[in-house]
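What follows is a short report on a single structure.
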Amino acid sequence: MSLPQHSDATLRYQQQVENSRNYVLPFIAQEFPDMNGLRVMEIGCGEGGVLTPFLEKGCHCVGVDLFPERIALATGFLGDYVNNGQLQLIAKNIYDVDFFGEFQHAFDLIILKDAIEHIPEQDKLVAYLKNLLSPRGQVYFGFPPWYMPHGGHQQICQSKVLSFLPYIHLLPRPLYRGLLKAFGEHEGTVRELMELVDTGISIERFEKVVKAAGFDITQRKYYLINPIYKYKFKLQPREQFGWMKGIPFVRNFFTTCMYYMIRPEAER
C-alpha cells in the first residue's frame, strides 16, 4: 500500500515545503545564518518543495532533475519565482559539458535531499561537486542509511504487508526479488527497489566517500525518527540517542535519517 503522496504531487510538494522549512533550512542555517542572496542548487529537485523556503529567504536557486515531467510540476508550483528570475529549473544531467560550463564554481550551497541513495558512483559525484562550489561553498546531504528498517524504500510497494515490513531489503537479492514478485509488485517497482540495493548508502560509507573526496564534515545530525515521518506517519521527529551515535555500523539499523553539511578541506 503506497502512501498518498506517492501519487499526489501537490501533497508531496506541501510535505517537502514543511519539512524543508522546519528542519532542513534550520540545519543549514547553522552554516549560513544570512541566506539573502545565497546561490543555491538542488540536485534531484523534484517538485521544488525543498527549495521553496530558500526562495522565501531571498536565495537565488537552481533546481535540476533528470525527469522533465518533474521539472514541469516544479514550474507549476514555483512559476512566480521562475518569472521573476530568482529560480531556474533545468531538466539535465549535471555532468553535461554545457551545465558544467555555465555553473562552474557558481554555488554557495548544493542540496541533495533523499537523492544520494539513488545515485550510482557516489564517490565520483561527491568529488565532482567541488567543481560547482564557490570558495565558501558547502553541500547538504539528507538520506536514510541503507540498513535502517525501511532503507530500501519498500514503503512504495502496493502491498500493504510489504510496505510496512522492516529490513526486508537486506535479504539476499534473489530472495528479495522473489518476495516482491510473489506479492504482485509491478515490474517498475521491482526494478526501482532492486536498483536501490546497489546504491543504498550507509553512514560509514558516506563518511568514507566524503573524506576520500577531500571534504570536511562541518555538521551532522542523526535522527531516530526522520522529520519527514511527521508529515507521512504523524510521528514526532526525534534525534538519535547519544550513546547509539557512537556505535559504528549498529547505528545504521536504528537511525532513520542523517543530515550532513560538508565543505572542501582547507588547503594545508
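Key figures for this structure:
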{"read-out": "Over the range 51-140, relative contact order from alpha-carbon pairs under 8 Å, at least 6 apart, %", "value": "26 percent"}
{"read-out": "In Hz, Karplus ³J(HN,Hα) per residue of the range 19-26 (6.51, -1.76, 1.60; θ = phi - 60°; x = Gly, Pro)", "value": "5, 5, 5, 8, 10, 5, 4, x"}
{"read-out": "Computed helical MRE - 222 nm, the chain, DSSP H runs ≥ 4 contributing -39500 (n - 2.57), nearest 500", "value": "-10000 deg cm²/dmol"}
{"read-out": "Length released on extending from Asp80 to Asp96, taking residue separation times 0.36 nm less the Cα-Cα span", "value": "3.0 nm"}
{"read-out": "Virtual spin-label span in nm between Asn36 and His186, 7 Å along Cα→Cβ", "value": "4.6 nm"}
{"read-out": "Percent of beta bridges antiparallel (DSSP, the chain, rounded to nearest 5)", "value": "45 percent"}
{"read-out": "Dipole of the range 121-268, positive direction: furthest Cα of Pro172, Pro145, Ala182, with charges on the beta-carbon", "value": "Pro145"}
{"read-out": "Whole-angstrom gap from the range 162-198 to the range 41-96, using each part's C-alpha centre", "value": "31 Å"}
{"read-out": "Estimated FRET transfer efficiency when R0 is 25 angstrom, pair Leu66-Leu235 (beta carbons, to 0.05)", "value": "0.20"}
{"read-out": "Most to least accessible of Tyr229, Tyr176 (protein chains only, probe 1.4 Å)", "value": "Tyr229, Tyr176"}
{"read-out": "Subset of Lys57/Lys113; Lys181/Lys232; Lys181/Lys234 violating a 21 Å alpha-carbon distance limit", "value": "Lys181/Lys232; Lys181/Lys234"}
{"read-out": "Percent RCO, i.e. relative contact order, over the chain, from Cα pairs under 8 Å lying at least 6 residues apart", "value": "18 percent"}
{"read-out": "Thr218/Ala127 FRET efficiency (R0 25 Å; Cβ-Cβ; nearest 0.05)", "value": "0.90"}
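The values are calculated or read from the model by the stated rules, or taken from the named source; none is laboratory data. This structure is a prediction, so every number in the text was calculated from the model and none was measured. Because the Cβ atoms are built from the backbone with ideal geometry, glycine has one as well, and the counts that use them run over all protein chains shown. Accessible surface areas use protein heavy atoms only, side chains included; no ligands, DNA or RNA. Shrake-Rupley method; radii C 1.70, N 1.55, O 1.52, S 1.80 Å.
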